[in-house]
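Below is one structure; the comments refer to it alone.
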Amino acid sequence: MSDRKCLECNEPLRGRADQKFCNDQCRSAFNNRQLIDSNKVIRIINRILKKNYSILTALNPEGKTTVLLNDLQKKGYRFDYFTCSYTARNNRVYFFCYDLGYCELENCKVILVRRDLNGDLVLPKTILPKDKLNIKQFDSSKIG
Ligand SMILES: [Zn+2]
């Protein structure tokens, strides 16, 4: 007896070797659920990015300021989620959430900036991100 089972309802399959579902109903139920799951991931990440953006907006109303890393942390900023990064000429790496970004400085400080879409903070499209990316992790021992 075959041990192949329908991916949706788990009933044993008796058809072709490549059969995955017992019928079209099971196939579409399965595919719909996959779609809902992937939308859920997008919704969760969008929520994180939105929260990050609102934190940066609140801390940086003027478009440029310096705050403590801890100011971002206290508000629940997720440093592992960002929309793009940029390495400046001085090798400092900026992490952006849309047009608002931050860059880690010395002494547990961060500079907050607003990206000028016409300025030189825009990553040229001809450069692959991996050539520009130099992601450094925050040293958690410095956070306090
Ligand atoms: Zn089925």
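The values are calculated or read from the model by the stated rules, or taken from the named source; none is laboratory data. Remember, predicted model here, so these are calculated numbers, not experimental data. Virtual Cβ from ideal backbone geometry, glycine too; neighbours counted across all protein chains shown.
Tabulated values for the structure
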{"quantity": "Boolean, S38 is modelled with pLDDT under 95, closer than 30 Å to C9 by Cα and either assigned to a loop (DSSP other than H, G, I, E, B) or small (G, A, S) (or both)", "calculated": "yes"}
{"quantity": "Flag for G76 being under 19 Å from I48 (Cα atoms) and surrounded by fewer than 16 Cβ atoms within 10 Å (Cβ to Cβ)", "calculated": "yes"}
{"quantity": "Subset of the range 66-83 (residues that are in a loop (DSSP other than H, G, I, E, B) and either charged (D, E, K, R) or in contact (Cβ under 8 Å) with a residue 40 or more places away in the chain (or both))", "calculated": "K75, R78, F79, D80"}
{"quantity": "Condition broken by S28, with the remaining ones in (1) touching a strand residue (DSSP E or B) at 6+ places or on another chain (Cβ under 6 Å); (2) within 16 Å of the ligand (Cβ to nearest atom) satisfied", "calculated": "(1)"}
{"quantity": "Qualifying residue in the range 56-65 (condition: in a strand (DSSP E or B), in contact (Cβ under 8 Å) with a residue 12 or more places away in the chain, among the β-branched types (V, I, T) and under 26 Å from N107 (Cβ atoms))", "calculated": "yes"}
{"quantity": "Residue under evaluation I45, criteria (1) part of a helix (DSSP H, G or I); (2) of a type outside the set (S, T, Y); (3) touching a helix residue (DSSP H, G or I) at 6+ places or on another chain (Cβ under 9 Å), criterion not met", "calculated": "(3)"}
{"quantity": "Residue in the range 58-66 that is at pLDDT 90 or above, buried (at least 17 other Cβ atoms within 10 Å of the Cβ) and touching a helix residue (DSSP H, G or I) at 6+ places or on another chain (Cβ under 8 Å) present", "calculated": "yes"}
{"quantity": "Matching residues in the range 103-126 - criterion: being closer than 11 Å to Y86 by Cβ and either at pLDDT below 70 or part of a strand (DSSP E or B) (or both)", "calculated": "C103, V113, G119, D120, L121, V122, L123, P124"}
{"quantity": "Check on R92, among the basic types (K, R), buried (at least 17 other Cβ atoms within 10 Å of the Cβ) and modelled with pLDDT under 95", "calculated": "no"}
{"quantity": "Residue in the range 8-18 that is within 15 Å of the ligand (Cβ to nearest atom), surrounded by 13 or more Cβ atoms within 10 Å (Cβ to Cβ), over 20 Å from the mean Cα position of the chain (by Cα) and not in a loop (DSSP other than H, G, I, E, B) present", "calculated": "no"}
